[in-house]
Amino acid sequence: MKSELSFPEGNVKKSKLFNSEDLEKATNNFNYNRILDQGGQSIVYKGMPTDGKIVAIKKLKVLDEGKVEQSINEVLILSQINYRNVVKLLRCYLEMESI
């Protein structure tokens, strides 16, 4: 995914990767009080990174092999669109454990 996000097409080149420490700080260690929404596949937290912006941080609950490609495609699409009714993707973080 890093190579895909580095392509100079659309807004993709503006994407910057978070690290896990940044996400934990921004969500107060994924605090329950920061949950904005939850679905079958993910939880969305209110995040406050060090730059002062208020953001939504989507964390997948369980990522099985069948969902990896789908999730990467979602990130790539969101990084390229700029539409008022769609949350703008500012950064992303991908950590994979052995499945």
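A DSSP coil position with no more than 14 other Cβ atoms inside 10 Å describes the following trypsin sites (Lys or Arg not before Pro) in region 32-69: Lys53, Lys61. Loop-resident chymotrypsin sites (Phe, Trp or Tyr not before Pro) (DSSP state other than H, G, I, E or B) in region 18-87 with no more than 14 further Cβ atoms inside 10 Å of their Cβ: Tyr83.
Read-outs: derived from the displayed coordinates by stated rules, not from any lab. As the structure is a computational prediction, the values presented were derived from the model and not from experiment. Cβ: placed from backbone, ideal geometry, glycine included. Neighbour counts: every protein chain shown.
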